[in-house]
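Data block below; observations after.
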Amino acid sequence: MEQTVAKKPSLARNTIFYLVFSVLNALFPFLMSLYVARILQSDSIGTVSYALNIVTYFSIFAFVGIPTYGMREVAKCKDDKDALNKLFSELLIINTITTTISLGLYIGLVFLVPNFNGEHLVLYLFCAILIALNYFNVTWLYEGFEKFGLNAIINILTKLISFVLLILFVKSDEHQLIYAILSVVGLSGYYLVSFFFFPRYARFTVKGLSFAKHIKPILFLVVVNLAIEIYSLLDITMIGAIMTNSKSPVTYYKYASQIQKTLLMVVNALTMVIVPRLSKFYKEQKFDEYNALIYRTLTMIFIIAIPMVIGIMFTSDQLVVWIYGDEYIACSNILKILSANIIISPIGYLLGSRVCLTSGKEKYMPIAVGVGALVNIGLNALFIWLIGAEGAAIASICSEMCVLGVYLIFSHKYFKLTWRWKNILKILTSLVVMTSYLLVIYFFVPHPILKVALEIGGAIILYFGVLLLLREDMLFSSFKKVFHLKQKEEVKEDD
């Protein structure tokens, strides 16, 4: 079968596909929680969440940074078939070795630790499927070709099947194990399906392979990924370890975090899809295009993320009750605190890890996220003990801010932004108008359903409407492109 070399993909189209892919990864646990919150007890949900939290540490080690590194390296050599085949084979073999080691370590831990091999032994063993599925993870190959659509389609189908099976087979608190298995399959099952498409892009070979050149960059990225996930996963780990009377606080934090992560994925998709294009610009020393792309992406982060956070502040109390039920009202305050990450985290990814990655400065990434991990551990130990799950949310925000600060110290010399202050003023004006509207609705509309409907619908229309009226650069240029395209189509039809 001949390998295909794709035409230059549309960055906008890739953004949409990656947005679908990323949002589904965050949205799937959220959709499952909508159903199980009314079927399983909060303590049972917390037990499953804690088991998945533990196995995720080992899953991170299993893929050792290959998804990020592999995507970048494939983008560099995708037009050289021999080099591509060697790269694919080398990374696939490394992935197999690390996944096997990770799986063995996890199973050993389960049988050695009393808290894991007691009444929930079977649950922890079935969660090992999450690690095993990484044997088939070659999604980085498709992303290197900027084939984000393939991953998105497979992801949609896998998660849809898992969700249907959840509704069919999880009917009571006794079905906790089925819920755990379907959660694992829904999260990573698409690895298995997508594996069978790799012959269209690369072939496995054992000739002329060299592994040494990959070790250093992969080790850097595995440290980065571990540090990132440690101060992400450690919140739940430490809540479960410190608040031992019940696993319900784990559930509250997880559910609030799921909503925040779903919105965060929308924003982060803007930074992820530009990595191949940024790498190309930097390699070819097209620094004007490089900086322009960074500026446009940063502007879109501001346009999308800030109104999300404002909206959460006004609507979270009622929305949490509608989504999960009265029992989960404790999620609301946690969500309000965590929402700050929707702004902080994408800026750090763009101006920090994305710039370091595309400029070949990965050595700075472990330092930045390492600082964040240390801050998170220390503040979690203090704040969870003092104020519970809300303390973990505060610790998360503080650690993200530290990561952003360290990233900027190291990465600022590798990009140059020319601020368009008039455009920034337009965005701020739209935010002020939207916030004023939300305040009026919040204080003068008493009916809860009508209030939330007016807050969400009205704020979106008003915010983007004002941006268009003020001719904000990014949004108005997109609007003009669509309008001119329509005009051209009408002229062509008249001819």
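The values are calculated or read from the model by the stated rules, or taken from the named source; none is laboratory data. Note that the structure is predicted; figures quoted are calculated from it, not measured. Neighbour counts run over all protein chains shown; Cβ positions are idealised from the backbone, glycine included.
Annotations
- Matching residues, segment 310-347, being among the hydroxyl-bearing types (S, T, Y) and within 26 Å of L431 (Cβ to Cβ): T315, S316, S332, S339, S345
- Filtering segment 166-185 to residues that are in contact (Cβ under 8 Å) with a residue 24 or more places away in the chain and either among the hydrophobic types (A, V, I, L, M, F, W, C) or closer than 18 Å to I54 by Cβ (or both) leaves L166, I167, V170, Q176, L177, Y179, A180, I181, L182, S183, V184, V185.
- A residue that is part of a helix (DSSP H, G or I), within 29 Å of I294 (Cα to Cα) and among the acidic types (D, E) can be found somewhere in segment 358-372.
- Residues within segment 456-475 that are part of a helix (DSSP H, G or I) and surrounded by fewer than 18 Cβ atoms within 10 Å (Cβ to Cβ), tallied: 12
- Subset of segment 333-358 (residues that are at pLDDT 90 or above and either within 21 Å of M434 (Cβ to Cβ) or surrounded by 24 or more Cβ atoms within 10 Å (Cβ to Cβ) (or both)): I334, L335, K336, L338, S339, A340, N341, I342, I343, I344
- Residue in segment 272-279 that is crowded, with 24+ Cβ neighbours inside 10 Å, of a type outside the set (S, T, N, Q), within 15 Å of the chain's Cα centre (by Cα) and outside the structural domain of L439 (by TED's automatic domain parsing) present: yes
- Applying the set (1) within 27 Å of Y349 (Cα to Cα); (2) in contact (Cβ under 8 Å) with a residue 40 or more places away in the chain to Y442 leaves exactly one unmet item: (1).
- Counting only residues that are over 28 Å from the mean Cα position of the chain (by Cα) and at pLDDT 90 or above, segment 444-461 holds 1 of them.
- Exactly one residue among L209, L165, L187 is touching a Lys or Arg at 6+ places or on another chain (Cβ under 7 Å) and either assigned by TED's automatic domain parsing to the domain that holds W140 or part of a loop (DSSP other than H, G, I, E, B) (or both), and that residue is L209.
- The one condition in (1) over 30 Å from R471 (Cβ atoms); (2) at pLDDT 90 or above that L425 fails to fulfil: (1)
- Flag for T96 being of a type in the set (S, T, N, Q) and without any contact (Cβ under 8 Å) to a residue 60 or more places away in the chain: yes
- Candidates L374, L379 - the one that is free of Cβ contacts under 8 Å to residues at least 12 places away in the same chain and not hydroxyl-bearing (S, T, Y): L374
- Being farther than 12 Å from G46 by Cα, under 25 Å from the mean Cα position of the chain (by Cα) and either modelled with pLDDT of 75 or more or basic (K, R) (or both) holds for only one residue in L221, L233, L226, and it is L233.
- The sole residue among I310, I259, I304 that is over 25 Å from K361 (Cβ atoms), surrounded by fewer than 19 Cβ atoms within 10 Å (Cβ to Cβ) and under 19 Å from the mean Cα position of the chain (by Cα) is I304.
- Yes/no for K336 being out of contact with any Cys (no Cβ under 9 Å at 6 or more places or on another chain), among the basic types (K, R) and not in a helix (DSSP H, G or I): no
- Filtered by the rule that a residue be closer than 14 Å to E143 by Cβ and among the β-branched types (V, I, T), segment 63-82 gives I66, T68, V74.
- Residues located in segment 189-214, provided they are of a type in the set (F, W, Y) and touching a residue at least 60 places away in the same chain (Cβ under 8 Å): F198, Y201, F204, F211
- Residue in segment 432-446 that is surrounded by fewer than 19 Cβ atoms within 10 Å (Cβ to Cβ) and closer than 30 Å to D235 by Cβ present: yes
- Candidate set from segment 380-436 (those that are charged (D, E, K, R) and in a helix (DSSP H, G or I)); member that is farthest from T358 (Cα to Cα): E390
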